[in-house]
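Chemist: Below are the structure tokens for one structure; questions will follow.
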């Protein structure tokens, strides 16, 4: 589980209808898509290995192209021209696009702008947010426990409860869902 901070295993197979997410892409700092959810593969058709800005090709409300060849590298270095949520149009879909630096990679989350069809993702407690921020950095339960002055079993409980509230099956998916729902 040490590679969780880099989101090495993010490939959930079901659409994320509960929070409006319709696609998630994992991008390396060179701007190449290295993993995609199944719904993203349906929208973008074989995105892996291709340049993210060409795959997503998001346009802002003014019709100008939002994605550039260098935005993933800038985000990974913390020098992005935008952070957080951007209103965009992707493949004719009105959506919000969120690009988050996670380690030396970038996670691109696309959500339907109209909102969710199902129940919202549960909100995390303040302590769960603290724990999930450290999970996002790829830290183990033991290391998180040392940093927060908790027992490892308490950290494990916070992680398990976070997964449950977020409807996630793995630590990596929980990080993505927490980021996508503006909880981290």
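Chemist: Sort out for me the Cα centre separation of segment 131-177 from segment 25-91, rounded to whole Å.
Modeler: Centre-to-centre (Cα) distance: 27 Å.
Chemist: Using a Förster radius of 22 Å, what is the FRET efficiency between residue 59 and residue 38 based on their Cβ-Cβ separation? Nearest 0.05, please.
Modeler: On the way: r = 25 Å, r/R0 = 1.12.
Once rounded, the FRET efficiency stands at 0.35.
Chemist: If you count, for each residue, the other Cβ atoms within 10 Å and average over each peptide, how do 105-112, 164-171 line up from highest to lowest?
Modeler: On the way: 105-112: 23.5, 164-171: 17.6.
Ranking the peptides 105-112, 164-171 by packing returns 105-112, 164-171.
Taken together, the values in this text are just the output of simple stated rules run on the coordinates, not laboratory data. Owing to the predicted nature of the structure, the values given are computational and were not obtained by experimental measurement. Counting neighbours? That spans all protein chains shown, and the Cβs are built from the backbone with ideal geometry, glycine included.
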